[in-house]
Amino acid sequence: MTDTPAAPAVDIDLDALAANYRFIKAAVAPAECAGVVKCDGYGLGAVETARTLVGEGCRNLFVTYPVEAARLRAALGPGAAIHVFNGVDPSSAGPLRDAGFVPVLNTLEQARLWKQVAPASAATLHIDTGMNRLGLPLAEVAEVARLSLRIETVMSHLASPAPGESPQSERQRLHFEEAAAAFPDARRSLSASGGALMARRFHYDLVRPGIALYGASPFDAPDPRLRPVARLTAPVVQLREINAGETVGYGATFAATKRMRLATVALGYGDGLPRAAGSRGSAFLGGALRPILGRVSMDLIVLDVSGAGAIAIGERAEFFGSNHPAEHAAAAAGTTAYELFTGLGRRVARRYWRGGRLLAEDRLR
Ligand SMILES: *Cc1c(COP(=O)(O)O)cnc(C)c1O
């Protein structure tokens, strides 16, 4: 992984993505394993990640909007079913039907619309079992069942998946079974990454992992069974020493109490490093984690490299990756790996690796 430009980059290990897919697939078998590639594959690139998952035998992809589905279909061709989480409206129903995408019907109105526009086309029905976010209320399930739509999959979503016991998950699971009984021919899908890592009774026929495929745990602490997929690095662009009493960065929020060595690194909130990481986060450089000093700027941060061996201009600091788990980097900024990944800025080059070789690179030029 050399010849990286002197700018931030995220290296994406497609072998690790494939390994994570195989791990979850084996953990939930005989249930099927889908791949959630919404939000541009959690910020890591929907096309490359979906291509890898399909190569591992993944037959169901989930995105949020029709435009994401169209982009995948154009790049990958037919093969996997592409489900569209946010459903249909009068302007998208016809195009979704014509493209053969599978809408996730979330309301009675959406179900009626699909009945009108595409009565013979497959749909996924999302039942809200207690998250109170998206999906059909339990009270309207019978009415949708009477429409005799081609519901191939009935799904719901867990609000509080947890490695141990979770009373809310169990309540949701029982509601789900009850509602799904109205669609006896449909396969059942309840779990995202969290539920897929929970007991077998949460797996049903199809699981829908996202974050675990990308190597981060849905439970915030790193899971040794998942391989890190994304590694965010940025180069050192300047080195300096300061004396006690000098300050660092905007607002002079950090003041040195002793002589210190600093490394300025080309990564900022414009690249998706949260401002909340200022004075709290760190990056791996010169063999150890180095604290971020003072505020995060748009394009830059300053690391404390006092006591480190020789650090060279151009050397790359790792903000998350195998030396610094994304879950830890996220926690230091009061957020999650989900938000870190999806928040990666457009100018962060995405570099795709397979079998130790650089397969593709996607960057602004
Ligand atoms: C995002 C999403 C998923 C995937 O969730 P992860 O926690 O990333 O595995 C699955 N199902 C639904 C409905 C989602 O919105």
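The values are calculated or read from the model by the stated rules, or taken from the named source; none is laboratory data. Predicted, not measured: the structure shown is a model, and the values here were computed from it. Neighbour counts run over all protein chains shown; Cβ positions are idealised from the backbone, glycine included. The area values use the complete protein model at the heavy-atom level, side chains included, leaving out ligands, DNA and RNA. Shrake-Rupley method; radii C 1.70, N 1.55, O 1.52, S 1.80 Å.
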Within region 190-218, track down each residue that is small (Gly, Ala, Ser) and open to solvent by 10 Å² or more (accessible area, probe 1.4 Å). Ala192, Ala199, Gly215
Residues being open to solvent by 60 Å² or more (accessible area, probe 1.4 Å) and more than 19 Å from Asp299 (Cα to Cα) - total across region 330-357: 7
Name the residue that is farthest from the ligand (Cβ to nearest atom), counting only residues in region 304-323 that are surrounded by 22 or more Cβ atoms within 10 Å (Cβ to Cβ) and within 18 Å of the chain's Cα centre (by Cα). Phe319
Which of (1) closer than 30 Å to Ala317 by Cβ; (2) within 15 Å of the ligand (Cβ to nearest atom) does Arg231 not meet, given it meets every other one? (2)
Check on Pro30, more than 14 Å from the ligand (Cβ to nearest atom) and under 26 Å from Ala212 (Cβ atoms): yes
Within region 189-217, how many residues turn out to be part of a loop (DSSP other than H, G, I, E, B) and farther than 24 Å from Val348 by Cα? 11
Suppose we filter region 208-220 for residues that are at pLDDT 95 or above and more than 11 Å from the ligand (Cβ to nearest atom); how many remain? 1
Of all the residues that make up region 199-220, how many are of a type in the set (Ser, Thr, Tyr) and closer than 21 Å to Glu327 by Cβ? 2
Going by what's in this entry, would Ile301 be described as crowded, with 21+ Cβ neighbours inside 10 Å, under 30 Å from Arg240 (Cα atoms) and free of Cβ contacts under 8 Å to residues at least 24 places away in the same chain? no
For region 144-155, check the following and say yes or no: at least one residue is surrounded by 22 or more Cβ atoms within 10 Å (Cβ to Cβ), in a helix (DSSP H, G or I) and under 22 Å from the mean Cα position of the chain (by Cα). no
Could you say which residue among Leu76, Leu44 is within 14 Å of the ligand (Cβ to nearest atom) and either of a type in the set (D, E, K, R) or assigned by TED's automatic domain parsing to the domain that holds Ala122 (or both)? Leu44
For region 145-172, which positions are free of Cβ contacts under 8 Å to residues at least 40 places away in the same chain and closer than 12 Å to Asp128 by Cα? Val154, Ser156, His157, Ala159
Would you pick out the residues in region 323-363 that are within 18 Å of Gly43 (Cβ to Cβ) and among the polar types (S, T, N, Q)? Thr335, Thr336, Thr342
Which one of these does Leu138 not meet: (1) farther than 21 Å from Asn60 by Cβ; (2) free of Cβ contacts under 8 Å to residues at least 40 places away in the same chain? (2)
A careful count of residues in region 188-207 that are among the charged types (D, E, K, R) and within 15 Å of the ligand (Cβ to nearest atom) gives 2
Considering only residues that are open to solvent by 50 Å² or more (accessible area, probe 1.4 Å) and either out of contact with any Asp or Glu (no Cβ under 8 Å at 6 or more places or on another chain) or under 30 Å from Gly43 (Cβ atoms) (or both), which ones fall in region 255-276? Thr257, Lys258, Tyr269, Arg275
Boolean, Pro224 is open to solvent by 60 Å² or more (accessible area, probe 1.4 Å), closer than 18 Å to Asn323 by Cβ and free of Cβ contacts under 8 Å to residues at least 12 places away in the same chain: yes
